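Structure record follows, encoded as structure tokens.
Since every read-out is calculated from the coordinates, none of them should be taken as a lab result. What you are looking at is a predicted structure, and each value in this text was computed from that prediction instead of being measured. As a convention, Cβ positions derive from the backbone with ideal geometry for all residues, glycine included, and neighbour counts pool all protein chains shown.
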Amino acid sequence: MSDPVYISEIFSSIQGEGMLVGRRQIFVRLMECNLDCRYCDTDFVKSDICRLETKPGSGIFHNLPQPLTLHNISALLHDWLMQLPAAHHSVSITGGEPLLYADALAEWFPEIRRILPIHLETNGTMPFALKQVKEYVDYISMDMKLPSTAVCTEQLWDLHALFLRECHGRNVSVKVVIGEDTPDGEIMQVCDVISAVDASLPLFLQPLSLANGAVGISAAHIFHLQELASSRLPDVRVIPQMHKLLGAL
Ligand code: SF4
């Protein structure tokens, strides 16, 4: 029996980032993270309460005691699919860092995937954990953490490279958050890591969102970084956090 999974919230919304942008998803946000990014807007501290949307898309939550079981989750998914048939494209397993729960997810994913496709949102630093679950995952959205925006305590390039190699053959895309201070060298390094695995993988440049709602990078610098990345990779796209523009969760 694997360790319990702690979930901070479950809700229905529009995916605002990356390759599935615009898709309606059921989001299952897991608690805890192995990183501490400067721009993090997620409360991922472990608690005994999971917030569950009372009705999909309502934005109204009630509290459930934790931990939830796989049976609880699949009953909920079936219920929401009955309420809104065909509205949802997939289940987004997000965090925090979901791969911290890889042992349990390896048991959960086959059942969840019988209900909806699985989209894994990850910070791309746990390649060995990915190995445990990747056969059950339909889409992998991998973040690469840039020193200029995420300000992680350590340089993560080697881990990101290992992780992306582990994703090879899966439906994977890479996202980086870019800001006004993002230098050319960081974008070149991202391109190096991607090219070493598969240059055709999509790269999403996501302009930094500041706490006050403003965008933390000028249009001129976005264009410059997009031109730079596009000189190395064929599929580079710029997408801001769309759910924030919609006022969605
Ligand atoms: S990886 Fe994600 S959840 Fe973890 S600290 Fe960074 S932004 Fe927050």
Going fewest to most other Cβ atoms within 10 Å around each Cβ, H221, H88 line up as H221, H88
Residue by residue through the stretch 99-111, which ³J(HN,Hα) values in whole Hz follow from phi under the Karplus form 6.51 cos²θ - 1.76 cosθ + 1.60 (θ = phi - 60°), with glycine and proline marked x? 6, 4, 10, 4, 4, 6, 5, 4, 8, 6, 4, x, 6
Please turn the phi angles of the stretch 136-148 into ³J(HN,Hα) values with the Karplus equation 6.51 cos²θ - 1.76 cosθ + 1.60 (θ = phi - 60°), one per residue in order, whole Hz, x for glycine and proline. 9, 9, 8, 9, 10, 9, 9, 8, 10, 8, 8, x, 6
Electrostatic dipole magnitude of the stretch 63-171 [Cβ: Lys, Arg +1; Asp, Glu -1; Cα centre; debye, to 20]: 200
Listed residue (H78, G59, L205) projecting farthest to the positive dipole end of the stretch 7-246, Cβ model: H78
5 Å is the cut-off here: which amide hydrogens, built 1.01 Å from N in the peptide plane, fall below it relative to S8, excluding neighbours closer than 5 in sequence? R29, L30, M31
Whole-Hz Karplus couplings 3J(HN,Hα) for the stretch 172-177, θ = phi - 60° and coefficients 6.51, -1.76, 1.60, Gly and Pro as x, run 10, 9, 10, 10, 10, 8
Rounded tilt (10° steps) of 184-197 against the dominant C-alpha axis of the chain: 60
Listed residue (I115, G179, I239) projecting farthest to the positive dipole end of the stretch 7-246, Cβ model: I115
With a/c under 1.5 counting as rounded, go ahead and sort the stretch 10-139 into rounded, prolate or oblate using the C-alpha gyration tensor (a ≥ b ≥ c being the square roots of the eigenvalues; past the cut-off, prolate if a/b is larger than b/c, else oblate). rounded
Other-chain or far-sequence residues with amide H under 5 Å of N123's (modelled H): D143
Of C191, A87, F11, farthest towards positive along the dipole that unit charges on Lys, Arg, Asp, Glu beta carbons give the stretch 7-246: A87
Return the equivalent ellipsoid semi-axes of the stretch 7-246 as a descending list in whole Å, where each equals the square root of 5 times an eigenvalue of the C-alpha gyration tensor. 30, 20, 17
Taking the Cβ-Cβ separation of R113 and E227 as r and a Förster radius of 41 Å, what is the calculated FRET efficiency to the nearest 0.05? 0.60
Give me the count of lysine pairs in the chain whose alpha carbons sit under 22 angstrom apart, restricted to pairs 8 or more positions apart or on different chains. 8
Inter-part distance where the stretch 118-161 and the stretch 1-73 are each reduced to a Cα centre, Å: 18
With Cα springs under 10 Å, the Gaussian network model of the chain assigns the largest mean-square fluctuation among T149, T125, T42 to T42
Give me the Kirkwood hydrodynamic radius of the stretch 132-198, using the inverse of the mean 1/r over all pairs of distinct Cα atoms, in Å to one decimal. 12.7
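Can you compute the helix-only [θ] at 222 nm over the chain? Use -39500 (n - 2.57) per DSSP H run of at least 4 residues, normalise by all residues, nearest 500 deg cm²/dmol.
Details: 7 runs with 75 residues, N = 249.
That calculation yields -9000 deg cm²/dmol at 222 nm.
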Which far-off residues, 5 or more places away or on another chain, put their amide H under 5 Å from the one on R24, with H placed in the peptide plane? Q15, H89
Taking the number of other C-beta atoms within 10 Å as the exposure measure, put E166, E135, E121, E180 in order starting with the fewest. E135, E180, E166, E121
Please state the charge dipole magnitude for the stretch 7-246, taken about the Cα centre, from unit charges on C-beta atoms (+1 on K and R, -1 on D and E), reported in debye and rounded to the nearest 20. 640
